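The values are calculated or read from the model by the stated rules, or taken from the named source; none is laboratory data. Quick caveat, the model's predicted, so the values are computed rather than measured. Every residue, glycine as well, gets a Cβ built from its backbone with ideal geometry; the counts of neighbours run over all protein chains shown.
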Amino acid sequence: MTIIKEDTAVLQNYINGAWVDAKSTETLEVPNPATGETLVKVPISSKEDVDLAVKAAKEAFKTWKNTPVPKRARILYKYHYLLTENHEKLAKLIVEENGKAYKEAYGEVQRGIECVEFAAGAPTLMMGETLSNIAEEIDSQMFRYPHGVVAGITPFNFPMMVALWMFPLAIACGNTFVLKPSERTPILSNELVELFAQAGAPKGVLNVVHGAHDVVNGLLDHEDVKAISFVGSQPVAKYVYERAAGKGKRVQALSGAKNHHIVMPDADLDKAIANIISSTFGSAGQRCMACSAVVVVGDGEKFVQRLKQKADELIIGNGMNDEVLLTPVIRDSHRQKVLGYIDKGIDEGATLLRDGRKEMGEMDRGTFLGPTIFDHVKPDMTIAKDEIFAPVLSLLRAENLDEGLEYIRQSRYGNGATIYTKDARAVRQFREEADAGMLGINIGVPATMAFFPFSGWKDSFYGDLHVNGKDGVNFYTRKKMITSRFDY
Ligand code: NAD
């Protein structure tokens, strides 16, 4: 498998069915976040590289769009088989480049495979609609067509799942694709592409261009790129949405989050705490559906003390160790930003219930940060408002559910929210009033599966059609209406 050039260990781009060096000579090191060891270098490609990839994708589109839909789907069945065969290998690669625990990575690979399962239903998913007799002797039909070249830009935290939210469905719908993976976790994407080629994808149908801002801007501005799928942080998502939409492209831009978990007085504390610990500290809090704020309704002292005790017991370390739950954050630069938030929380008057800074040196060169919990956080504090994206949890106190729901309403983000309770009326009120797109009832990470939309609200999403499910099919296709008269 040609992934790393043996002599230089610089990743290559994949353009028109071949591994090629980037035109640009600029590179960035990709370290293992748990050890600091450099895994490979990633090229910071230029707009010239983007042009080559888009040109190849545009050329491939001419035949791919006319490839029968069941034939396209068959490549996805083969791809599904190959991904499943390589499940463990893919999971290990994710642990190496992202740092998350092997169990999490294994689950991520599974989530990605499910996206391929969904996309393999293209013959059904792409069906149009018909209605005869819309008027006398007149019928109407709707057909779905692909756009052409579509680009996907992904974040570091789910190198497999997010890429597979995008290209399998886009390609199954008849588009060709240019993927720009996160430059912080670029290695897995080359494996994904190699396996896709082995599954029988013709050259030019899927291309990868590694890099950073220049590649993103090259894709956003390119007149032959018709649609953009983006997942990443809020400022970049908004920028991508505005710039690409301004160029007349279809855009879906999934963004940052601040997910609240409401713990009602009647909650099963053991289960709620287990869910919250795993949601907050799993993947070092670097999940867009991670719990980052808990609203404790009522007295809550017992809950707070038991939560702290569980956080004290967490095992921190390399994700390849089965017992580890808390793994490193992605880079030291990110950790420094998080340390700034911890200082800010203290300055603004929150109570630092558990200080994870003491565990920073846990392993030599890994970018670790221990579980950090602030209590008595007020909704207007910076740590309550901003996405910190780290193992840092804010506890807010509320007298009742109405107050908890108000905290969620005040948040600029609306990706997910959860309630822990056995009370059906509280559940119903939460379902009706929580101002977020993906809700959990006694669920720690209420992320949706491939056949439903991944449905963030407010500043957690820019666009209208979400990824996955019917939204995904609608995003990657455009509709053509035929109105026919037969009494002619
Ligand atoms: P990021 O915004 O730093 O990077 C995402 C992508 O944008 C990368 O490919 C990167 O190269 C590119 N990029 C970064 N800065 C850019 C700039 N100034 N101009 C052009 N391109 C730029 O995000 P990240 O740190 O890799 O990922 C974490 C973020 O992604 C978190 O905010 C998380 O909540 C979010 N996320 C959201 C979802 C969701 O479904 N809403 C899912 C996963 C991650």
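Would you please list the contacts, defined by Cβ atoms under 8 Å and residues six or more apart or on different chains, that run from a residue in region 132-151 that is over 30 Å from V208 (Cβ atoms) to a residue that is part of a loop (DSSP other than H, G, I, E, B) and modelled with pLDDT of 95 or more?
If the second residue must be part of a loop (DSSP other than H, G, I, E, B) and modelled with pLDDT of 95 or more, the pairs left are Q141/G128; M142/G128; F143/G128.
If you go through region 339-361, how many residues are at pLDDT below 95 and surrounded by 15 or more Cβ atoms within 10 Å (Cβ to Cβ)?
Within region 339-361, residues that are at pLDDT below 95 and surrounded by 15 or more Cβ atoms within 10 Å (Cβ to Cβ) number 2.
One residue is enough: does region 214-237 have a residue meeting the conditions in contact with a Phe, Trp or Tyr (Cβ under 6 Å, 6 or more places away or on another chain) and either within 11 Å of the ligand (Cβ to nearest atom) or under 20 Å from E59 (Cβ atoms) (or both)?
Within region 214-237, one or more residues are in contact with a Phe, Trp or Tyr (Cβ under 6 Å, 6 or more places away or on another chain) and either within 11 Å of the ligand (Cβ to nearest atom) or under 20 Å from E59 (Cβ atoms) (or both).
Kindly indicate whether any position in region 79-97 is farther than 18 Å from N190 by Cα, modelled with pLDDT of 95 or more and of a type in the set (K, R). Spell out how you get there, then give the answer.
We begin by selecting, within region 79-97, every residue farther than 18 Å from N190 by Cα; these are none.
Within region 79-97, none of the residues are farther than 18 Å from N190 by Cα, modelled with pLDDT of 95 or more and of a type in the set (K, R).
Mind checking whether some residue in region 420-436 is on the phi > 0 side of the Ramachandran plot and within 22 Å of the chain's Cα centre (by Cα)?
Scanning region 420-436 turns up no residue that is on the phi > 0 side of the Ramachandran plot and within 22 Å of the chain's Cα centre (by Cα).
Can you go through Q305, Q309, Q252, Q336 and tell me which one is surrounded by 22 or more Cβ atoms within 10 Å (Cβ to Cβ) and of a type in the set (S, T, N, Q)?
On the way: Q305 fails: surrounded by 22 or more Cβ atoms within 10 Å (Cβ to Cβ); Q309 fails: surrounded by 22 or more Cβ atoms within 10 Å (Cβ to Cβ); Q336 fails: surrounded by 22 or more Cβ atoms within 10 Å (Cβ to Cβ).
Among Q305, Q309, Q252, Q336, only Q252 is surrounded by 22 or more Cβ atoms within 10 Å (Cβ to Cβ) and of a type in the set (S, T, N, Q).
Search region 40-83 for residues being in a loop (DSSP other than H, G, I, E, B) and small (G, A, S), and hand back the single one that is surrounded by the most Cβ atoms within 10 Å (Cβ to Cβ). Steps first, please.
Going residue by residue through region 40-83, those that are in a loop (DSSP other than H, G, I, E, B) are 44-46, 65-68.
With the extra rule that they be small (G, A, S), the set shrinks to 45-46.
Details: S45: 26, S46: 18.
Looking at residues that are in a loop (DSSP other than H, G, I, E, B) and small (G, A, S), I get S45.
Scanning region 466-488 for residues that are among the aliphatic types (A, V, I, L, M) and either in contact with a Pro (Cβ under 8 Å, 6 or more places away or on another chain) or assigned to a helix (DSSP H, G or I) (or both), which turns out nearest to the ligand (Cβ to nearest atom)?
If we take residues in region 466-488 being among the aliphatic types (A, V, I, L, M) and either in contact with a Pro (Cβ under 8 Å, 6 or more places away or on another chain) or assigned to a helix (DSSP H, G or I) (or both), then V467 is nearest to the ligand (Cβ to nearest atom).
Considering only helices (runs of 4 or more DSSP H) fully contained in region 350-462, which possess at least 1 residues that are among the polar types (S, T, N, Q), over 24 Å from S255 (Cα atoms) and more than 16 Å from the ligand (Cβ to nearest atom)? I'd like the intermediate steps shown before the answer.
Working: elements: 382-385, 401-410, 424-433.
Passing ranges, in order: 424-433.
If I filter region 138-165 down to residues being out of contact with any Leu (no Cβ under 8 Å at 6 or more places or on another chain) and within 11 Å of the ligand (Cβ to nearest atom), which single residue comes out as nearest to M481 (Cα to Cα)?
If we take residues in region 138-165 being out of contact with any Leu (no Cβ under 8 Å at 6 or more places or on another chain) and within 11 Å of the ligand (Cβ to nearest atom), then W165 is nearest to M481 (Cα to Cα).
Which residues, taken from region 240-258, are assigned to a loop (DSSP other than H, G, I, E, B) and either out of contact with any strand residue (DSSP E or B) (no Cβ under 7 Å at 6 or more places or on another chain) or more than 24 Å from V392 (Cβ to Cβ) (or both)?
K247, G248, K249
May I ask you to list the residues in region 375-429 that are polar (S, T, N, Q) and buried (at least 18 other Cβ atoms within 10 Å of the Cβ)?
S394, S411, N415, T418, T421
Scan region 12-39 for residues that are surrounded by fewer than 21 Cβ atoms within 10 Å (Cβ to Cβ), within 13 Å of V209 (Cβ to Cβ) and hydroxyl-bearing (S, T, Y) and report the count.
Residues in region 12-39 being surrounded by fewer than 21 Cβ atoms within 10 Å (Cβ to Cβ), within 13 Å of V209 (Cβ to Cβ) and hydroxyl-bearing (S, T, Y): 1 in total.
Condition first: more than 9 Å from the ligand (Cβ to nearest atom) and of a type in the set (S, T, N, Q). Can you find one or more residues in region 247-258 that meet it?
Scanning region 247-258, I find at least one residue that is more than 9 Å from the ligand (Cβ to nearest atom) and of a type in the set (S, T, N, Q), so the answer is yes.
Out of the residues in region 288-345 that are in contact (Cβ under 8 Å) with a residue 60 or more places away in the chain and small (G, A, S), which is farthest from T382 (Cα to Cα)?
So the residue we want is G319.
Output the number of residues of region 188-213 satisfying the condition of being away from the ligand (no atom under 12 Å from the Cβ), part of a loop (DSSP other than H, G, I, E, B) and of a type outside the set (A, V, I, L, M, F, W, C).
4
If you scan region 259-268, which residues turn out to be within 15 Å of the ligand (Cβ to nearest atom) and either in a loop (DSSP other than H, G, I, E, B) or closer than 24 Å to M166 by Cα (or both)?
Passing the criteria: only N259.
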